[in-house]
Amino acid sequence: MAGTVKVAYIDDSPNELRRFTGRLGRTGALTVIPFSPPARMDLDRIVSGRPDLLLVDYALVRPGPTSGESYLGGALAAKFRELYQDFPIVMFTRKSLIRDDRQYGGAWDVLGQFDAFVDKTDVERDPGAASFHLRSLALGYRVLRAKRKRDWGALVRALAARSEEEPVLSAAAPPLGRSGSRFWRVAEAARWVNSVVLRFPGIVYDAVHAATALGIDVRAFARDDVQATFEPAQYTGVFAPPEKRWWRGRLFESAYAVMKEAGIDKPIPTGFAEAYRENHSGGPLRPAECIWSKGKEGPADWVCCVLEQPVMRKYTLAYNLDDRPAVMDPARVSFTVIRDRDDVELELLTPEGRKIAGELLEGSTRCA
């Protein structure tokens, strides 16, 4: 998947064009070509260069002799999609601007026309991470475009999945067409991989979910010796992010192997660290500390869907936060969030959950 990745970047601000072209191209991961918004959304000049990825500012004004021609990035993305169906289109703006300025209040409504969102503030903070994220997206599309026969088997192979992982992937609502068709389109398959498989925990885990599933702290999981133990579980398929993911089933398989070697027969969250200490000389693994009990009752065994931090499942409530497939780990919100934050939507809790949340807010000792 090596090779040059060419990005066409469209922005109406000459200063931002210059700044972000430089920052994104500085790492060497991308070749960024800047463009002003085209008149009448004439995209021929942009797509004739065959860019691998289109990076589009959300609110665009084309300079003119009088007032200029304005259109939103969502309209430009829709036009791009007509001409450039199998290539990624990324919204590029500032999240704070969208949230705070009523002028951009509809941005999230059209985000579905884009394949990803990148915050300009994040690029200013860490251009390297943003560059490699865009590169991964572009290269993933390149892999999917190269598939001549776009059936289910080809998509499974693009994910580098094993046969035992096919059923759980199939249960995650893959975009296999209508009327029982088992074929897919590039943009739809790409969105499914990024917005479902790699986004929601359950089939693959990020570092926080992987570490917590093992009952250990994220920093312990990041140790070189521990990473080597779980290298066979690492996700290496299409769109593999720089920050890594691990197949859930393979992660547990490797953990059970460590525990079997040590002769320890316990649940993974309580047995893996003990087994690892028996088998390795790298020192003990710090346990995952629950954000509610502060580690007083053993390792955490869940991750709060709001704070993305370890918590004991018994100190969480079911939270209907999104439309993740049932095969994924259900979203649960920690007591800490209920008690300390005012942005929890109580209507997303179950009736019993709302009752417990009320007790938490009243300071009931039942939840202490």
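All of the numbers you see were taken from the coordinates with simple rules; none came from a lab. Note that the structure is a prediction, hence the values are computed from the model and not measured. Please note: Cβ atoms are built from the backbone with ideal geometry, for glycine as well, and neighbour counts cover all protein chains shown.
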Three-way shape call for region 122-237 based on the alpha-carbon gyration tensor, with the a/c threshold at 1.5:
oblate
Counting pairwise Cα distances across the chain, what percent come out greater than 35 angstrom?
36
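Hey, got a sec? Which chymotrypsin sites (Phe, Trp or Tyr not before Pro) in region 265-368 land in a DSSP loop and have at most 12 other Cβ atoms within 10 Å?
none
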Crossing angle, helix 73-83 versus the chain [Cα axis fit, 0-90 degrees, rounded to tens]
80
In the P(r) worked out for region 233-368, what percent of Cα pairs fall beyond 24 Å?
43
Helix 351-361: angle to the longest alpha-carbon principal axis of the chain, degrees 0 to 90, nearest 10?
80
Give the longest segment of the chain that steers clear of GluC sites (Glu not before Pro) in DSSP loops with at most 14 neighbouring Cβ atoms within 10 Å, not counting the sites themselves.
1-242
Heads up, region 265-333 by the C-alpha gyration tensor (a ≥ b ≥ c square roots of eigenvalues; a/c under 1.5 rounded, else a/b over b/c prolate, else oblate) looks prolate
Which of rounded, prolate or oblate describes region 147-197 when judged by the alpha-carbon gyration tensor and an a/c cut-off of 1.5?
rounded
Name the most mobile residue of Ala210, Ala161, Ala138, meaning the one with the largest mean-square fluctuation, in a Gaussian network model of the chain with Cα contacts below 10 Å.
Ala161
Compare Asp126, Asp343, Asp225 in a GNM of the chain, Cα atoms joined below 10 Å, and give the one with the largest fluctuation.
Asp343
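How large is the Kirkwood hydrodynamic radius of region 204-279, counting all unique pairs of alpha carbons, in Å?
Evaluated on region 204-279, it is 12.3 Å.
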State, to one decimal in nm, how far the label point of Asp322 lies from the label point of Ala207, with both points 7 Å from Cα in the Cβ direction.
2.0
What fraction of the DSSP beta bridges in region 176-325 is antiparallel, stated in percent and rounded to the nearest 5?
75
Sites Glu166 and Phe117, calculated FRET efficiency, Cβ-Cβ separation with R0 30 Å, nearest 0.05
0.50
Rounded to the nearest 5, what % of DSSP beta bridges with both residues in the chain are antiparallel?
45
For a Förster distance of 45 Å, can you work out the FRET efficiency between the beta-carbons of Gln227 and Val47, rounded to the nearest 0.05?
0.65
31 Å Cα-Cα threshold exceeded, pairs from Lys120/Lys355; Lys95/Lys355; Lys149/Lys260; Lys120/Lys296; Lys266/Lys355; Lys95/Lys244:
Lys120/Lys355; Lys95/Lys355; Lys149/Lys260; Lys120/Lys296; Lys266/Lys355
Listed residues Gly74, Gly202, Gly263; largest mean-square fluctuation, Gaussian network over the chain with Cα springs below 10 Å, found at Gly263
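Which value, in debye to the nearest 20, gives the size of the charge dipole of region 147-197 about its Cα centre, when Lys and Arg are +1 and Asp and Glu are -1 at the Cβ?
So the magnitude is around 340 debye.
DSSP loop trypsin sites (Lys or Arg not before Pro) in region 126-230 with at most 11 other Cβ atoms within 10 Å of their Cβ, which ones?
Passing sites in region 126-230 are Arg148, Lys149, Arg162, Arg178.
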Net charge near Leu144: determine it from the other residues with C-beta under 14 Å of the C-beta of Leu144, scoring Lys and Arg +1 and Asp and Glu -1.
+4
